[in-house]
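To start, the structure itself, in structure tokens.
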Amino acid sequence: MASMREIKSRITATKKTAQITKAMYMVSASKLKKAEGIIKSYRPLVYKLREMIDNLLASDDALSHPMLLEREKQVVCYVLVTSDRGLAGPYNSSVFKAFTAFVEENHQSNDEFLVATIGFKAYSFAKRMKFNMLNEEIINVRDDIQFVDFKSVIDLFTKEFLNGNVDSIVVFYNHFINIMTQNVEHVQILPITNGHKQEEKTKDEKDLKLIYNFEPNPQVIIDHLLPMYVENTLYGMILEAKASEHASRMTAMKSATDNAEDVIHTLQLHYNRARQAAITIELTDIIGGANAVN
């Protein structure tokens, strides 16, 4: 059995760790509330942009754009969205596992695809796995996300696709559902296809038939809408990932705090037993000494 001093030292260290994890839990809970509000207010924008694109394409079959043309997938670019820091439970590892499983199932070699990373953890993973990378610099994901932080990298992805260097762009990210649930999803953002999620509509909205007038003409509008849609879709995925990160870190820190409290309780029992054993030994020595004198 460990000495009383060792047990006391472990109890003190565990209490300090519990204080840190509890503080991190409270910080993540505060950040999650803000991030959840941002993503819930941002989702309708992407839905409405896609609805406008669908209405335009349905109104005129002659409309065309390079972002709508599907090519033979010779080179695919995968965008991995993760965090800059750890201590977030399975948040980052779940993206890596899903991506690795997808690559093993769909590709014969690493030369068939490129990897673009958003977040330091994704960058480290791609470097460690020796994937062919599209971006050589680290793209950090700060807590107060701004669109301007990712404008350049979004333009890079779009330029590579339009130039024909990449035939498809697929994003792996954590989709935020609620505090306890975040699912890893992979979504193709280029070329734009019909596999998108529709916004839930009320019965009155479903029965309502809208008539649109396009000015100056549908082709000019679609030329402006498609790049805007791609930019906002990818930015929305980054917002989803950030909300998922805060939720995952909050859950992980709550579990760490609870585990630390359980360890403290167990160590306290061991400490009390060791203290009782020491007292018993001292009493035995005193009684033995008294009997020897008498």
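Computed from the coordinates by the stated procedures, all read-outs in this text should not be read as laboratory data. For clarity, every value in this text was computed on a predicted model and none was experimentally measured. Positions of Cβ are generated from backbone atoms using ideal geometry, with glycine treated the same way; all protein chains shown enter the neighbour counts.
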Practice prompt. Please compute the net charge surrounding Ile7, taking Lys and Arg as +1 and Asp and Glu as -1 over other residues with Cβ under 10 Å from its Cβ.
Written response: +4
Worksheet item: With r defined as the distance between the Cβ atoms of Ala13 and Glu185 and R0 fixed at 35 Å, what FRET efficiency is calculated, to the nearest 0.05?
Response: 0.30
Fill in: Sparse-neighbour loop sites [GluC sites (Glu not before Pro); the range 16-88; at most 13 other C-beta within 10 Å; DSSP]
Glu70, Glu72
Item to complete: Give me the net charge of Ala98's neighbourhood, meaning all other residues with Cβ under 12 Å from the Cβ of Ala98; Lys, Arg count +1, Asp, Glu -1.
Response: -2
Worksheet item: Taking the Cβ of His246 as the center, what net charge do the other residues with Cβ under 9 Å away carry, scoring Lys and Arg +1 and Asp and Glu -1?
Response: +2
Worksheet entry | Inter-label distance, nm, simple model (7 Å from Cα along the C-beta direction), Ser152/Ile177 | 3.7
Item to complete: Taking the chain as the reference, fit the longest principal axis to its C-alpha atoms, fit the long axis of helix 151-162 to the helix C-alpha atoms, and give the angle between the two in degrees, 0 to 90, nearest 10.
Response: 50
Worksheet item: Past the 32 Å Cα-Cα mark, which pairs from Lys97/Lys159; Lys130/Lys159; Lys22/Lys151?
Response: Lys22/Lys151
Discussion item. Just to be sure I understand: with springs between alpha-carbon atoms less than 10 Å apart, which residue in Met250, Met180, Met67 has the highest mean-square fluctuation in the Gaussian network model of the chain?
Written reply: Met180
